[in-house]
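The values are calculated or read from the model by the stated rules, or taken from the named source; none is laboratory data. Fair warning: this is a prediction, and the values are worked out from it, not measured in the lab. No Cβ is skipped: glycine too gets one built from the backbone with ideal geometry, and neighbour counts run over all protein chains shown.
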Amino acid sequence: MKDFDLNLLASLDALLAEKNVTRAAKKMHVTQSTMSGILRRLRDQFDDELLVRIGRSYDLSPFAQSLAISVRQTILQIDSTISAKPLFDPNKDRRKFRIMASDYSTTVYLSTVFRRIEKQAPYVGYDILPINSPLEHVRGGTVDLCVTGNPLSQAEAASDQLLRMDMLFSESYCCIVDEDHPLRGIVTLEQLFEYPHVMAQFAGVTMQTSELRATNHMRNRAGAVRTVPNFNVIPALVRGSGSVGILPARMMEAAPGWSGLRMLAVAFEMPSFTEYLIWHSRFAYDPAFCWLRDVMLGAA
């Protein structure tokens, strides 16, 4: 500690994140020459190049790569420490939370959470960001928490000592069709696969139609499986068509305005998933975050 200038820590974090002197300087609101001088001091301090030129760009040295995570977590912990308040008064305090969530989570779950927040804490705000590398953003501090049903993200978070998880609720998929669709009564799997499907597809996730088809060794005799980037557009694509839409059941309950559609009764078990709240361990004793977490668990 006595041999290291702690004022350099934030600049080191910027250099490790950006891998570029110009971008790091912009991030730290200093000139490029100033950041170049800081990099020279850091290289002397660690006796390592830190940034290594590869072609026309730079990359981290092996030693710098080993520093990146610990430096980022140190910065986040310092930020939490110096901004901490001993108490949180929901009636007065102003805090904005950054939440990463899908359209599904926002529609069926966070909408309830936000109504409770509005009643209990009128000055608390929130920013909702679309799902995009959620664990990376939670670890990096660009979001405070994420709500996800992705089992791959959940498995990774469970093995990460920096992260914490809370189970929120489980959900099953359902099949929807236009109210004039010929499928009636209790529908078998064979009948279901006689019609085209519309489903959401997300990177890295095996979705429900694929799972049903693979598990039961079925193939869609109608041939067409149409994919869309989110669940909210599925009802509009199903209405007035012969397609079967597959989406989480709570979406139909949360959006009764989707008229002209009906939910099918099926003779087989539909796939399901579980939504989890994932957050950084540095918030474990943050009064404002603990309050929000209680509200979110109470709304699950």
Would you call SER102 under 18 Å from the mean Cα position of the chain (by Cα) and either surrounded by 17 or more Cβ atoms within 10 Å (Cβ to Cβ) or more than 18 Å from HIS280 (Cβ to Cβ) (or both)? yes
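Looking at CYS175, CYS146, which is the one that is assigned by TED's automatic domain parsing to the domain that holds LEU261, crowded, with 17+ Cβ neighbours inside 10 Å and touching a residue at least 24 places away in the same chain (Cβ under 8 Å)?
Working: CYS146 fails: assigned by TED's automatic domain parsing to the domain that holds LEU261.
CYS175 is the lone residue from the list that is assigned by TED's automatic domain parsing to the domain that holds LEU261, crowded, with 17+ Cβ neighbours inside 10 Å and touching a residue at least 24 places away in the same chain (Cβ under 8 Å).
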Out of all the residues in region 65-76, is one or more surrounded by fewer than 16 Cβ atoms within 10 Å (Cβ to Cβ) and over 25 Å from the mean Cα position of the chain (by Cα)? yes
Residue ranges of helices (runs of 4 or more DSSP H) in region 194-269 with at least 1 members farther than 15 Å from TYR104 by Cβ and at pLDDT below 85: 208-215
What single numbered condition from (1) more than 23 Å from PRO122 (Cβ to Cβ); (2) loosely packed, with under 14 Cβ neighbours inside 10 Å fails to hold for LEU264? (2)
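Somewhere in region 77-90, is a residue charged (D, E, K, R) and either touching a residue at least 40 places away in the same chain (Cβ under 8 Å) or surrounded by 17 or more Cβ atoms within 10 Å (Cβ to Cβ) (or both)?
At the first step, the residues of region 77-90 found to be charged (D, E, K, R) are 79, 85, 89.
Cutting the leftovers down to either touching a residue at least 40 places away in the same chain (Cβ under 8 Å) or surrounded by 17 or more Cβ atoms within 10 Å (Cβ to Cβ) (or both) gives us 79, 85.
Among the residues of region 77-90, at least one is charged (D, E, K, R) and either touching a residue at least 40 places away in the same chain (Cβ under 8 Å) or surrounded by 17 or more Cβ atoms within 10 Å (Cβ to Cβ) (or both), which makes the answer yes.
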Within region 228-257, residues being without any contact (Cβ under 8 Å) to a residue 60 or more places away in the chain and surrounded by 13 or more Cβ atoms within 10 Å (Cβ to Cβ) number 6
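Kindly indicate whether any position in region 145-163 is among the β-branched types (Val, Ile, Thr), closer than 21 Å to ALA300 by Cβ and in contact with a helix residue (DSSP H, G or I) (Cβ under 9 Å, 6 or more places away or on another chain).
Yes, region 145-163 contains at least one residue that is among the β-branched types (Val, Ile, Thr), closer than 21 Å to ALA300 by Cβ and in contact with a helix residue (DSSP H, G or I) (Cβ under 9 Å, 6 or more places away or on another chain).
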Selection from region 105-156 of residues that are farther than 17 Å from PHE202 by Cβ and in contact with a Cys (Cβ under 9 Å, 6 or more places away or on another chain): VAL138
Any residue in region 38-54 that is touching a residue at least 40 places away in the same chain (Cβ under 8 Å) sitting within a Cβ distance under 9 Å of a residue that is loosely packed, with under 14 Cβ neighbours inside 10 Å and not small (Gly, Ala, Ser)? List the pairs, counting only those 6 or more apart or interchain. GLN45/ASP3; GLN45/PHE4; GLN45/ASP5
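Test SER153 against the criterion of being without any contact (Cβ under 8 Å) to a residue 12 or more places away in the chain and under 32 Å from the mean Cα position of the chain (by Cα), and give yes or no. Before the answer, list the steps.
Numbers: without any contact (Cβ under 8 Å) to a residue 12 or more places away in the chain: no; under 32 Å from the mean Cα position of the chain (by Cα): yes.
No.
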Where ALA121 falls short, out of the listed (1) within 17 Å of ARG293 (Cα to Cα); (2) without any contact (Cβ under 8 Å) to a residue 24 or more places away in the chain: (2)
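Would it be correct to say that VAL177 is in a strand (DSSP E or B) and of a type in the set (Val, Ile, Thr)?
On the way: in a strand (DSSP E or B): yes; of a type in the set (Val, Ile, Thr): yes.
Against the criterion (in a strand (DSSP E or B) and of a type in the set (Val, Ile, Thr)), VAL177 qualifies.
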